[in-house]
Amino acid sequence: MAAARLELNMVRLLSRCEALAAERRDPAEWRLEKYVAALEDMLRELKQQANKPAPELLNEYSRKVDFLKGLLEAEKLSSSMEKALANQFLAPGRTPTTAKERTPATKTVHLQAKARCTGQMRSELLGTVGLVLLLPRLSLGLVSDEKQSAVELDAVLQHHQDMQEKLAEEMLSLARSLKNNTLAAQNVIKQDNQTLSHSLRMADQNFEKLKDESDRLEQHAKKSVNWLLWIMLIVVCFIFISMILFIRIFPKLK
């Protein structure tokens with residue numbers, strides 16, 4: 001009963017957190033962060049219960065709590081590009097939290113977060129381009145202002161180029177890390193397969209040896225039975241002949 005009540009309270013709080021994450025929040029909003037911390041404590045306590053839910057359901061709860069935690073960490077980043085990159089690696093839940101949901105709320109929140117980051121990046125880019133277009137108009141007729149506008153334009157373009165190079169380097173680093181992890185996993189699986197093959201060969205060899213020993217023991221048992229049977233037949237024949245000789249030698253008294 002305690003586990004069921006704890007799970008029910010956690011599902012209610014999780015649904016409330018998903019609803020708060022879907023809303024536009026003030027930067028000073030503190031409730032969602034506190035709620036997510038409480039969710040972590042409740043999930044940790046639920047895993048320690050004797051009558052805990054199925055492992056698949058616990059994994060789904062952990063996935064949703066980790067998603068909300070990662071979403072809060074992504075919102076604390078300063079650059080919109082960093083926020084967009086962090087949101088790309090978030091993994092929303094696979095199943096709805098409540099029966100009223102048709103699609104998982106975390107997926108909707110994930111899409112909304114991506115859209116907000118994309119909108120912020122577009123606004124920053126448009127604002128920068130507008131500034132670049134406005135500077136030459138304000139500096140018409142002044143050679144020094146034109147040079148300054150050209151320098152500022154170069155600085156803006158260089159800034160965007162640096163941001164693109166930084167993003168490309170981060171993506172390349174992530175790709176290399178993913179490749180290394182994949183190769184390491186392949187090596188581990190290969191070693192496990194070799195160990196399993198060796199174990200199977202040893203099991204087959206032991207089975208063959210056991211079969212040979214069983215056949216040898218069976219033959220030995222048959223030989224022992226045959227010798228015992230012959231000995232019993234000889235003893236019976238000897239007793240029978242002895243009885244006949246005894247009757248012949250000592251006739252019945254009249």
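The values are calculated or read from the model by the stated rules, or taken from the named source; none is laboratory data. Just so it is clear, the structure is predicted and the values come from calculations on it, not from any experiment. Every residue, glycine as well, gets a Cβ built from its backbone with ideal geometry; the counts of neighbours run over all protein chains shown. Heads up: the accessible areas ignore ligands, DNA and RNA and are worked out on the full protein's heavy atoms, side chains in. Shrake-Rupley method; radii C 1.70, N 1.55, O 1.52, S 1.80 Å.
For a paramagnetic label modelled at 7 Å from the Cα of Met121 toward its Cβ, which residues of the stretch 63-85 fall within the zone defined by backbone nitrogen distances under 18 Å?
Under cut-off, by backbone N: 71, 74-85.
Within 10 Å, count the other beta carbons around each residue, average over each peptide in 177-188, 99-110, and list them highest first.
Answer by packing, highest mean first, reads 99-110, 177-188.
Can you tell me which of 199-210, 79-90 comes out highest on packing, and rank the rest after it, using the mean Cβ neighbours within 10 Å? Walk me through the numbers on the way to the answer.
Values: 199-210: 10.0, 79-90: 17.2.
Result, highest mean Cβ count within 10 Å first: 79-90, 199-210.
Considering only protein heavy atoms, what per residue accessible area in square angstrom results for the stretch 1-76 with a 1.4 angstrom probe?
On the way: 4650 Å² over 76 residues.
It amounts to 61 Å² per residue over the stretch 1-76.
So for the pair Gln112, Thr98, with labels modelled 7 Å out along Cα→Cβ, what separation do we get in nm?
Simple spin-label model gives 1.4 nm for this pair.
Figure the gain on full extension for Val156 and Glu33 (residue separation times 0.36 nm, minus the Cα-Cα span) and round it to one decimal in nm. Please list the in-between numbers first.
Values: separation 123, 0.36 × 123 = 44.28 nm, distance 3.60 nm.
Contour length minus Cα-Cα distance gives 40.7 nm.
Any idea what the dipole of the stretch 1-76 comes to, in debye rounded to 20, about its Cα centre with Lys/Arg Cβ at +1 and Asp/Glu Cβ at -1?
About 160 debye.
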